[in-house]
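Let me begin by presenting the structure, written as structure tokens, before commenting on it.
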Amino acid sequence: MDVSSTTSQQDAKTKLLKKLIVSVIKDGFQQLRMDDIAKHMDVSRATMYKHFSSKEDVISGVVRIIVDFIERLEAHGDDEDEAFFAVWFQKLFEQSVSLVQYITAAFMDDLKSAYPEQYNLLKSTLQKRDRHSLRFYRLGKDKGMFNHINESFILLQDELLLREITSVKYLLNHNMSIQDVLLDYYRFKKVQLFSADKAPLVNDADIQPIIEKLAEKFNRAIL
């Protein structure tokens, strides 16, 4: 088979899945029929079936996108320099914010019920990410980059606090934009995590366009 043709087909499938992914993650997929999926993808049933043979095929594709996104954050060694911690902190922040959108109770509940193998794949990928994150925080403490705080609390904070402050209810009650909230949370984490003498190593100018991009995604999902 022609490699370029295979790549083109995969790209086409990914584009269709990305049109669907927000609705599937936000509201779950148990009630979705293939007709509904085609409408979300903005294609005919015939076009959809050229790329996906079943609803399970579609959901497996969604899970693959999320898994690939998580695994994109490369692993690190024990001999990283100080600049690495500043860069990886920002990459980890970006991914943590994105996962608040990708990993919802509705989606995970439906996945566990309908396609347990896909649920286990995603769950194991998230657990691997947690292990890498904990290792990163511990290494930073050992090298004097980070304050001596419980790294498990940092993960829990991203799961609970970040999810709460990015909710529509919180934004409306506090009259804040998602961009303001993300910037405040970024600053909060930076002060919380980095030792005072190491914080200047983090270039905050690099995070601004990232936060703007994340805010656009949140706003599109709300509309």
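A short reminder: the numbers here are calculations on the coordinates, not readings from a lab. Computed from a predicted structure; not experimentally measured. Virtual Cβ from ideal backbone geometry, glycine too; neighbours counted across all protein chains shown.
The table for this structure:
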quantity: Length released on extending from Asp11 to Asn150, taking residue separation times 0.36 nm less the Cα-Cα span; calculated: 45.9 nm
quantity: Separation of alpha-carbon centers, segment 115-140 and segment 141-173, rounded to whole Å; calculated: 17
quantity: Anchor Lys169: lysines whose Cα lies under 23 Å away (excluding residues fewer than 8 positions away in-chain); calculated: Lys26, Lys189, Lys213, Lys217
quantity: Amide H within-cut-off set for Phe146, under 5 Å, with H built and near neighbours excluded; calculated: Lys141, Ser195
quantity: Zone residues, segment 142-180, relative to Arg220, backbone N less than 20 Å from point 7 Å out along Cα-to-Cβ; calculated: 166-168, 177-180
quantity: Inter-label distance, nm, simple model (7 Å from Cα along the C-beta direction), Asp197/Lys91; calculated: 2.7
quantity: Prolate/oblate/rounded label for the chain (Cα gyration tensor, a/c 1.5); calculated: prolate
quantity: Gyration tensor (Cα) of segment 3-60, equivalent ellipsoid semi-axes in angstrom; calculated: 20, 12, 10
quantity: Reachable lysines, given that their alpha-carbon falls under 19 Å from the alpha-carbon of Lys190 and they are not under 8 places away in the same chain; calculated: Lys91, Lys141, Lys143, Lys198
quantity: Sum of side-chain charges, Ala12 neighbourhood, beta-carbon under 12 Å (Lys, Arg +1; Asp, Glu -1); calculated: +4
